[in-house]
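Structure first, commentary second.
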Amino acid sequence: MAAATKKEGTIAEKLDALFELQKIDSEIDRIRTIRGELPLEVQSLEDEIIGLNTRVSKINDEIKEIETEIADRKIAVKDAESAIAKYKEQQNNVRNNREFESLSKEIEFQELEIKLHDKKSKEAKLKIDLKKETLTEAVERVEMKQGDLDGKKAELEAIVSETQKDEEKLMKASDAAKKNIESRLVFAYERLRTNAKNGLAVVQVMRGSCGGCFNKIPPQRQLDIVTKKKIIVCEHCGRVFAGVEDVIPAPEKEKKTRGKVTTAAAAAAAVIAE
């Protein structure tokens, strides 16, 4: 009887030690999650600002190209006007109608060229106005995003400075806690944590459900978990039960289930079971 009591106490201590280790590691996970999201946000903002600056630079280049086009058209208009003046002067010295008509066609062509250049210049000026509006919006967006980035960077630096020491202390506490637990249990615990999305390997029954996968746990099973006479794993997710957080409902007559436990539960049980 005394030996049985010692065994029960040993298993209870193992479960309590595993649960304490889980709480330490969960706190480390929480710190890393908080810090882990901010670098991604900072990187995303930096990439977005780079993209916006590239866009601003491109718009500026496009505006310069259009302005160059307008300047070239002004030069072309002056050349056309000079040509018209020259052709009109030549008309005064023509020897026949054929030469006069030929010069008249040249003058008409140059006048059409002037009209075309004026039209294209007006269209180009409208394009510049639109480009400048887009440029203003892009610059404002860069300034806004830069403000967000500065804020996120400051927040990240503050969190890193605040949490780095806490994380280091927790890491040491985790290592110390593992030294007090059997290596096979630590191995099984770490394997379960690696496979679990939320990093939970040891959980409690909460409101009648597994604290990891939230599947319902039968009342009789909960009573077995509370006694801590043996290591019990969830039949659905394979997590180890460290206890029951809330009040257990009155035992009910349960139907015996003949279904096989899940692969995860079977694997966990094989490694952890006494």
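Structure summary
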quantity: For the chain: relative contact order, % (alpha-carbon pairs under 8 angstrom, 6 or more apart); calculated: 24 percent
quantity: Amide H contacts under 5 Å for V244, placed H, 5+ residues apart; calculated: V205
quantity: Amide H within-cut-off set for E235, under 5 Å, with H built and near neighbours excluded; calculated: none
quantity: Estimated vicinal HN-Hα couplings, Hz - region 95-107 in sequence order (Karplus 6.51, -1.76, 1.60; Gly, Pro = x); calculated: 9, 7, 5, 4, 5, 5, 5, 5, 5, 4, 5, 5, 5
quantity: Relative contact order [Cα under 8 Å, 6+ residues apart], region 40-136, whole percent; calculated: 40 percent
quantity: D148 accessible area, 1.4 Å probe, all protein chains in place, Å² to nearest 10; calculated: 70 Å²
quantity: Under the Karplus curve 6.51 cos²θ - 1.76 cosθ + 1.60, θ = phi - 60°, whole-Hz ³J(HN,Hα) for region 218-229, x wherever Gly or Pro sits; calculated: x, x, 4, 5, 5, 4, 5, 5, 5, 5, 6, 7
quantity: Loop-located trypsin sites (Lys or Arg not before Pro) in region 119-211, at most 12 other Cβ atoms within 10 Å (DSSP); calculated: K197, R207
quantity: Under the Debye formula (equal points on every Cα, no solvent term), log10 I(q)/I(0) of region 99-227 at q = 0.11, 0.16, 0.22 Å⁻¹; calculated: -0.78, -1.03, -1.23
quantity: Cubic angstrom per residue, convex hull over Cα atoms of region 32-90; calculated: 29 Å³
quantity: P(r), alpha carbons of region 21-169 - 10 Å bins starting at zero, rounded %; calculated: 10, 20, 15, 13, 11, 9, 8, 6, 4, 2, 1, 0
quantity: Tilt relative to the chain, helix 263-272 - C-alpha long axis, 0 to 90 degrees, to 10; calculated: 50 degrees
quantity: Accessible area (Å², per residue) of the chain, counting only protein heavy atoms and a probe of 1.4 Å; calculated: 67 Å²
quantity: In region 20-92, lysine pairs closer than 30 Å at Cα, eight or more apart or cross-chain; calculated: 7
quantity: Shape parameters for the chain, alpha-carbon atoms, Rg then Dmax in Å; calculated: 40.2, 139
quantity: Helix-only [θ]222 nm of the chain, DSSP H runs n ≥ 4, -39500 (n - 2.57) each, per residue, nearest 500; calculated: -27500 deg cm²/dmol
quantity: Residue of R35, R221, R98 that the Gaussian network model of the chain assigns the largest fluctuation, springs spanning Cα pairs under 10 Å; calculated: R98
quantity: With every protein chain in place, the chain: carbon and sulfur % of accessible area (1.4 Å); calculated: 53 percent
quantity: L40 accessible area, 1.4 Å probe, all protein chains in place, Å² to nearest 10; calculated: 120 Å²
quantity: Solvent accessible area, Å² - T10, 1.4 Å probe, full protein context; calculated: 50 Å²
quantity: Cα long-axis angle, helix 2-91 against the chain (0 to 90 degrees, to the nearest 10); calculated: 0 degrees
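The values are calculated or read from the model by the stated rules, or taken from the named source; none is laboratory data. This structure is a prediction, so every number in the text was calculated from the model and none was measured. Ideal geometry is used to build each Cβ from the backbone, glycine not excepted, and the neighbour counts take in all protein chains shown. Heads up: the accessible areas ignore ligands, DNA and RNA and are worked out on the full protein's heavy atoms, side chains in. Shrake-Rupley method; radii C 1.70, N 1.55, O 1.52, S 1.80 Å.
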